[in-house]
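Each remark here refers to the structure printed beneath this line.
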Amino acid sequence: MDMRIRDPRSVAVGAILRNESVEKPDPSTIWAADGLWEYRVLPNALPSTAYDRTARYFSWYATGLPQGSSDVTKLWCVPTKDTLISLCTQEIFGSFVMSVLHVVDDIGSVGIEEEIPLFRLRNDLLSMLLKSFTEYKLGSQQDALLCILPAIIPRLKSSSSQTALDAAKERAKHHRRQRNWTEAEAVLKWAWTMLTARWPILGDNIPDSELSREATISLGELYRYALRDPKARQFGIDGFQWLSTQKSSSGWGLAVSAERIIDRYYAIQQQCLARPQTYVADAVFVAVEKKDVTRTLVELTRQKQPLPPTERIGDALCLAAQQGWPEVVLALLELGANPDYNALDAS
């Protein structure tokens with residue numbers, strides 16, 4: 001949870017707060033440095049010259065900590081040079097936003113604003129709150145984000161990382177269908193880098209293996225689709241080459257599941273280039289039936305035309321869903337499989 005530190009000299013990105021005397025901390029609580037990352041409550045309410053570093057913490061409203069919940073609190077924080085009056089005003093605004101969100105069922109969809117090479121998540125409610133904050137001159141846009149995001153993030157239907165990945169995938173799909181391959185790649189690489197990197201400054205920050213896997217599949221699928229387009233085939237080949245180099249060049253290492261996905265798509269590329277694109281009757285179904293996801297994706301890549309809406313394709317769709325292959329399910333649907341197919345009805 002991002003917390004603002006009332007200490008201009010502090011550059012810490014994390015802190016451990018030890019509380020032995022205050023029932024529930026708030027912005028009026030003064031903390032004294034007890035080490036590089038640790039702070040403890042001062043015995044009185046006013047800063048003391050006996051301590052080299054003191055700090056105030058703001059945005060407690062977003063932590064959800066009950067009174068007397070813990071003697072030790074770990075949190076993320078950022079430094080600020082705003083005046084105490086400005087910070088208190090912003091605290092009131094943030095508390096107001098939190099109160100409003102308690103009665104809002106849905107904060108709306110999350111999309112992506114593209115300013116290549118930069119990307120940022122977009123939400124209509126967040127944009128409206130940012131506009132109000134800056135119009136009333138409560139601070140900068142960065143100040144507004146520090147006030148509002150801690151209140152909004154817990155209201156997301158999924159984790160913030162999953163939300164970012166979902167938005168990137170949706171935007172990339174739009175670009176791919178428009179044959180804007182480079183734009184699709186840029187937004188997926190943004191999400192992939194964010195979800196697979198380990199940042200030394202954050203300590204032992206191990207990427208979420210499931211999200212790393214999902215992000216890697218998204219890039220692999222983009223390059224696989226490119227192989228189906230004669231005009232974009234070289235783009236796909238170059239993309240697979242870049243992806244394969246990430247196993248060794250990422251200094252902090254990838255999740256094992258992500259590395260396996262990279263190996264899979266490298267094999268898909270090799271097999272697709274070894275034989276021209278041809279339609280083989282029931283080849284997709286046979287590959288799915290054998291529970292061979294690599295072979296299934298190879299056969300899907302070789303399909304130049306939409307798949308015939310046969311029971312076998314419908315059965316392949318059902319089997320792929322049972323195997324937990326979302327990339328295969330989506331590929332089958334794009335190639336014409338019936339999403340309403342029911343194997344029991346067919347039998």
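Each value in this text was obtained by applying a stated rule to the coordinates, not by laboratory testing. Keep in mind that what you see is a predicted model, and the values were worked out from it rather than measured. As a convention, Cβ positions derive from the backbone with ideal geometry for all residues, glycine included, and neighbour counts pool all protein chains shown.
Points to keep in mind about this one:
- Qualifying trypsin sites (Lys or Arg not before Pro) in segment 121-199, where qualification requires a DSSP coil assignment and no more than 14 other C-beta atoms within 10 Å, comprise Lys137, Lys157, Arg179.
- Protection proxy ranking, peptides 215-226, 99-110, average beta carbon neighbours within 10 Å, highest first: 215-226, 99-110
- Note on segment 86-155: Cα-only Rg and Dmax are 12.4, 37 Å.
- Of the chymotrypsin sites (Phe, Trp or Tyr not before Pro) in segment 77-165, the ones in a loop by DSSP (not H, G, I, E or B) with at most 16 other beta carbons within 10 Å are Tyr136.
- Packing-based ranking of 293-306, 234-247 yields 293-306, 234-247, ordered from highest to lowest mean Cβ neighbour count within 10 Å.
- Spin-label pair Met194-Lys74: with each label point 7 Å from Cα along the Cα-Cβ axis, the two points sit 2.4 nm from one another.
- At an R0 of 41 angstrom, the distance between the Cβ atoms of Thr245 and Leu333 translates into a FRET efficiency of 0.85.
- Fully extending the segment from Leu121 to Val103, taken as 0.36 nm per residue of separation minus the present Cα-Cα distance, adds 4.2 nm.
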